[in-house]
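Below is one structure; the comments refer to it alone.
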């Protein structure tokens, strides 16, 4: 389960806003680490997640890009000291 504040990585393109069904777009570069800012249940029961790249967090952009659960993966950072 993905919650607001979770760290996720973009793993796929998403449906283009206003585009034809199946028209995919890479709003955020695949591989980018993001924070989930909001969650919305769509009319068809699908859950969408507003993702903001961590590089945008300190800019008061106020919005992110919406991705479905199979287009992101939840994870975390782990510090490993260089030897």
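The values are calculated or read from the model by the stated rules, or taken from the named source; none is laboratory data. Being a predicted model, the structure only gives us computed values, none of them experimental. Positions of Cβ are backbone-derived with ideal geometry, glycine not excepted, and every protein chain shown enters the neighbour counts.
Key figures for this structure:
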| item | result |
| --- | --- |
| Whichever residue in the stretch 22-41 is touching a strand residue (DSSP E or B) at 6+ places or on another chain (Cβ under 6 Å) and either exposed (fewer than 13 other Cβ atoms within 10 Å of the Cβ) or touching a residue at least 60 places away in the same chain (Cβ under 8 Å) (or both) and, among such residues, is nearest to residue 70 (Cα to Cα) | 30 |
| Close pairs from the stretch 62-83: first without any contact (Cβ under 8 Å) to a residue 12 or more places away in the chain and on the phi < 0 side of the Ramachandran plot, partner surrounded by 10 or more Cβ atoms within 10 Å (Cβ to Cβ) and assigned to a loop (DSSP other than H, G, I, E, B), Cβ under 9 Å, at least 6 apart | none |
| Flag if residue 19 is exposed (fewer than 12 other Cβ atoms within 10 Å of the Cβ) and modelled with pLDDT under 95 | yes |
